[in-house]
Every structure is written in structure tokens, then in C-alpha cells.
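A.B. asks: Handing you this structure, nothing more for now.
The values are calculated or read from the model by the stated rules, or taken from the named source; none is laboratory data. As the structure is a prediction and not an experimental result, all values here were calculated from the model. Cβ: placed from backbone, ideal geometry, glycine included. Neighbour counts: every protein chain shown. Note: accessible area is taken over every heavy atom of the protein model, side chains too, but ligands, DNA and RNA are not part of it. Shrake-Rupley method; radii C 1.70, N 1.55, O 1.52, S 1.80 Å.
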Amino acid sequence: GRGRAIYEAQERRATLSKDVAVLAKRAVAISTTQAVVAAYWDLILAERQVGITRASLELAKERLRITQIGSDGGKIPRSELPAVQQIIATREEEILSAELGVLDRSITLRRTAGLPIGKNELALRLGADLVIGDQSFDLGQLTDRAFAAAPELAQLAKQDQAGKVDIWVTENGLLPRLDAAIQLGPTGQDAKFGTALKNLVTADSFTVSGQLTFEHSLGQENVRGLAREQRANLRKLEVNATDIKAQIAQTMARAVAQLELAKRRVALSQRAIDLANENIKIETDRFNLGKATNFDVLNRQEELRQSELRKAQAMIDWHKAEVVVQALTGDLLPGYGLTID
């Protein structure tokens, strides 16, 4: 028990426990913010799907108008009308379904962000532009940053320190104990009380006594067993830390791969959109020459819609993967002006 450390162990434990609680709070904040941002991008995607389907509906309606005029003038057979009318009905049904998707994503975002969900507080309209960054990502550097920023790893480090304090306190109980006690002071002795009191005040005589106590427990298997258990817990923390690092590395690698893949998907989808627009013009010209049907033109329009939907999905996937990288590297909270005291 020599020194102050044994008596300050409880304070050290309390300080480490507080640090662990703050890190746990930070982990929850990161997880919650990531969920809110992901829900936001899901809503953006749902809105974009509605917009793309509406644009496709407008193309079909224009196709119907042109076909109707041609049919009335006798240049286009009326058998070309049902195909366009059918696709218009299909698009209108798809828009209703997509609008329901917007409502569902709005409710999810409200619930995740803690926004009101009332009678007139359901659907949200965001209308954000979809753009992606062109920066490159270094997997090794990002993984190292993720290890340094991970609150889970920092929690385990604090728990490791607390465990070492517990082991130190426990093993301190294995040490022998030697206590020395000394008493000294003036004494007053005389047949008369007054003279005895005077001798006490003037310290004419002293009394000194001492005591030396030695204690040492034999065996102490209970203490030794507790120390072994605490050391095993420390080894368990090391195993957990290794597992968490593996999970972080795996998640980071997947996110970086998704970023690169999404960027390539966006480029390919844009190429498909350009070709689809070109094919629509070609198919329309062939229709005007009587070498194609409305079914052919509508198929080209559907190819355009699918390409635009794939591009929107790829851009949303890019943003959601970026959120994962920001969460792992610790950039997510500062990026949205959030701090954890």
C-alpha cells in the first residue's frame, strides 16, 4: 500500500468509465447521423424516380398526340393507338406507386431524424440536385484514419487501462503487510495533582511506545484466481479489438469499391442515356417512314427511362458509400457541424 496510487485507483476507474461513456455517446451520434443522411438520400432517389417516370409519361402522351393526329388524317392506322394508351396507363400506375414510395421514405426520414409525424406532416419535398465528386480514394490511408477515429477501438483501449488498474489493485493484495506504530509524549507523575500537571506541561519526562505488525496470508488462491480472470479479460479485449479492426477494414474496402463502381456506373448510364435519346430519334424517323411501329418507339423510350433510373440509383449509391467512409474516418459529425462534449 505504499504511495497514493492504491487509494486513487477508484478515481482512475471513474475517469476511465466516463471516457468510455463519452466514446459510446459518440458512436451512437455517428450511427444516428449516418442513418439520417442515408434516409435523406433514399428520399432523394424516390423523388428522382417519380420525376423520371413522369418525364417518360410526358413522352408517351406526346407520342399519343402525334399518333392521334396521324390517325385522324388517315396517315397512321388506328391500330397504333392501343400500344401508346397501354403504356400511358402503365406509367400512370407506376407514378402512383412511386409517389407512395416518396411518402414511405418521407416517413422513414421523419422518424429517423425525430421530425413530427402528424396529419399534415408526412410527405417531404427535397428536390436536391444529384452530383457526385471526382476525388480519388486511398484505401490504405482511409483505413488507418478509420482505426484512429473508431470510438469502438478507443473504448476498448480505455477498458484495457481500467482492467490493468484492476489487476494492479488485486495483485497488491498478494503483498505482505508491515505496519509500524509509534507513540510518544510527555508524562506528568507526582503525588500531588498540581505538580503532576506542571511536569506534564514542562515535559520533564517522556513516554515512548511502539508496535510492529507483520501480516502475510498463505495461499490466497481467491486473489490469484481473480487476477487470472482479469488478465483473461484483457486478452479478450485484445481479441475484440482485432475483430473490430477487421470489420472496419472490410467495411472501408467495400465502401471504397462501391464509390469507384458507382462512378463507373454513372458514366456508363450516361452513355446509355445518350444512345437511348439517339435511338428514339432514329426509331421515330423510321415510324414516320412506315418502317417501325409505336411499339418500337415506346421500347426506345422505356430504354431511356431505365437508363435514367440506373444513373440515379448509381449516384445515390455513391453518396451513401461516401457517408460510410465519412462515418468510419470521423469526418461525418464535423461535416454536419455536430460535436460531442
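A.B. asks: Every residue in the range 248-258 that is of a type outside the set (A, V, I, L, M) and touching an Asp or Glu at 6+ places or on another chain (Cβ under 9 Å), please. Don't jump to the end; show me each part of the working.
C.D. replies: Narrowing the range 248-258 to residues of a type outside the set (A, V, I, L, M): 250-251, 254, 258.
Selection gives Gln258 alone.
A.B. asks: Arg110 - would you say it is free of Cβ contacts under 8 Å to residues at least 24 places away in the same chain, surrounded by 13 or more Cβ atoms within 10 Å (Cβ to Cβ), in contact with a Pro (Cβ under 9 Å, 6 or more places away or on another chain) and among the basic types (Lys, Arg)?
C.D. replies: yes
A.B. asks: Given the criterion surrounded by 14 or more Cβ atoms within 10 Å (Cβ to Cβ), among the hydrophobic types (A, V, I, L, M, F, W, C), outside any helix (DSSP H, G or I) and touching an Asp or Glu at 6+ places or on another chain (Cβ under 7 Å), identify the matching residue among Leu126, Leu57.
C.D. replies: Leu126
A.B. asks: Only one residue in Ala149, Ala180 is of a type in the set (Gly, Ala, Ser), out of contact with any His (no Cβ under 6 Å at 6 or more places or on another chain), closer than 30 Å to Ala246 by Cβ and modelled with pLDDT of 80 or more, so which one is that?
C.D. replies: None of the others qualify; the one that does is Ala149.
A.B. asks: Suppose we filter the range 268-294 for residues that are closer than 20 Å to Ser79 by Cβ and either small (Gly, Ala, Ser) or surrounded by fewer than 15 Cβ atoms within 10 Å (Cβ to Cβ) (or both); how many remain?
C.D. replies: Residues flagged as closer than 20 Å to Ser79 by Cβ and either small (Gly, Ala, Ser) or surrounded by fewer than 15 Cβ atoms within 10 Å (Cβ to Cβ) (or both) within the range 268-294 amount to 6.
A.B. asks: What number of residues within the range 73-106 satisfy the criterion of being open to solvent by less than 80 Å² (accessible area, probe 1.4 Å), of a type outside the set (Gly, Ala, Ser) and over 30 Å from Ala38 (Cβ atoms)?
C.D. replies: Residues flagged as open to solvent by less than 80 Å² (accessible area, probe 1.4 Å), of a type outside the set (Gly, Ala, Ser) and over 30 Å from Ala38 (Cβ atoms) within the range 73-106 amount to 9.
A.B. asks: Inside the range 185-217, can you point out the residues that are open to solvent by 80 Å² or more (accessible area, probe 1.4 Å) and touching a residue at least 12 places away in the same chain (Cβ under 8 Å)?
C.D. replies: Correct list: Gln189, Val201, Asp204, Phe206, Val208, Gln211, Leu212, Phe214, Glu215, His216.
A.B. asks: Criterion first (of a type in the set (Asp, Glu), part of a helix (DSSP H, G or I) and over 30 Å from Ser56 (Cβ atoms)) does Glu238 satisfy it?
C.D. replies: yes
A.B. asks: Could we say that Lys75 is under 30 Å from Arg300 (Cβ atoms) and not in a helix (DSSP H, G or I) here?
C.D. replies: Values: under 30 Å from Arg300 (Cβ atoms): yes; not in a helix (DSSP H, G or I): yes.
Taking the combined requirement at face value, the residue satisfies it.
A.B. asks: Within the group Gly114, Gly118, Gly185, Gly163, which residue is touching a helix residue (DSSP H, G or I) at 6+ places or on another chain (Cβ under 7 Å) and more than 30 Å from Ala253 (Cβ to Cβ)?
C.D. replies: After applying the criteria, what remains is Gly163.
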